[in-house]
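Asks: The structure is given below, and queries will be raised subsequently.
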Amino acid sequence: MGVGTLRRHYRNKVLAREMVGEDATAMVYQAKADAIAGFALPRRFVSDRVRRVLVEANLTTLDDLNGATVAEIADRTGLSKSDSGKVRVAVEREVALRAEGQVQLLADFPYQGALVASGYTTEASIEDLDEDELAEIPDVGESGARVIQAHRDGLLGVPFAENYPHMIRLGELGIRAEEQLARYTAEDLVAFGMTDEEAAEVIEFRDREPEPDAGTTVQVQNVQPAEVVDQPPALEGDEQLPASQQQPVGPVTDPTATAGTEGDTASQVST
């Protein structure tokens with residue numbers, strides 16, 4: 001027995017009783033059919049037009065169509081054989097996905113419950129929906145659509161810091177991370193529902209210059225070399241000698257002399 005066969009069986013009972021005027025019995029079978037949970041038809045099932053025809057015929061789930069022949073679909077909906085054939089192929093494909101356990105969205109996918117309830121059971125089933133179309137899904141809305149879109153774009157990895165202004169308000173509007181916020185202007189935030197003042201504060205905080213870290217080393221620019229002190233004049237009698245052989249008038253401190261000096265702490269000697 002395939003997925004939804006019993007629900008389809010009751011729906012056929014409804015049609016059979018309606019054809020002979022047994023409306024009360026038809027209502028009983030309709031109640032039985034409605035009591036069986038089914039997978040809602042995906043939003044773009046074959047096409048918007050075909051899906052609308054199916055819904056108008058009270059065929060709102062895959063379970064209502066699972067196992068139906070092309071002729072049965074055509075009789076129940078008035079669709080052409082070509083469209084009915086497409087419906088049958090689409091049903092078989094979706095049912096096969098469920099039988100193979102491929103119906104779950106990612107475990108952490110935002111608004112997963114609302115998406116599955118509306119028939120979007122795989123990530124592939126919503127990949128062609130833009131933000132406006134996502135917002136039309138019940139229990140998703142505009143804020144949820146922004147979260148879903150940001151998740152698909154990989155922009156929800158790092159949440160706002162605790163000091164971010166109006167962080168709760170941003171979350172209510174479906175904006176939950178700085179990377180996601182980066183795509184919006186102050187005008188966008190106002191259009192989403194923020195006040196002008198709130199939007200300005202958020203954007204100003206976002207675009208502020210980062211403060212340097214406390215441990216950052218400050219680089220000193222244009223450091224001038226130390227002043228060179230002239231050597232004392234040469235002693236009398238040495239003036240004729242080359243400069244390298246002349247003795248200075250007074251003692252010269254040698255900052256490198258640390259050995260052979262007097263005292264335990266001596267670090268300099270005079271020559």
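The values are calculated or read from the model by the stated rules, or taken from the named source; none is laboratory data. Everything quoted here is computed from the prediction, not taken from an experiment. Cβ sites come from the backbone with ideal geometry, for glycine too, and all protein chains shown count toward neighbours. Heavy atoms of the whole protein, side chains included, go into the accessibility calculation; ligands, DNA and RNA do not. Shrake-Rupley method; radii C 1.70, N 1.55, O 1.52, S 1.80 Å.
Asks: Kindly indicate the residue of the stretch 35-66 that is loosely packed, with under 15 Cβ neighbours inside 10 Å and more than 20 Å from residue 83 (Cβ to Cβ) and also modelled with the highest pLDDT among those meeting that condition.
Replies: The qualifying residue modelled with the highest pLDDT is 35.
Asks: Then there is this: Taking the criterion of being farther than 30 Å from residue 151 by Cα, of a type in the set (Gly, Ala, Ser), assigned to a loop (DSSP other than H, G, I, E, B) and modelled with pLDDT under 90, would at least one residue in the stretch 104-118 satisfy it?
Replies: Checked against the condition, which is being farther than 30 Å from residue 151 by Cα, of a type in the set (Gly, Ala, Ser), assigned to a loop (DSSP other than H, G, I, E, B) and modelled with pLDDT under 90, the stretch 104-118 yields no hits at all.
Asks: While we're looking at this one, here's another question. Take the conditions closer than 30 Å to residue 124 by Cβ and either at pLDDT 90 or above or in contact with a helix residue (DSSP H, G or I) (Cβ under 6 Å, 6 or more places away or on another chain) (or both) and apply them to residue 181. Does it pass?
Replies: In short, yes.
Asks: Residues in the stretch 106-129 that are open to solvent by 30 Å² or more (accessible area, probe 1.4 Å), under 23 Å from residue 60 (Cα atoms) and under 16 Å from the mean Cα position of the chain (by Cα): how many?
Replies: 4
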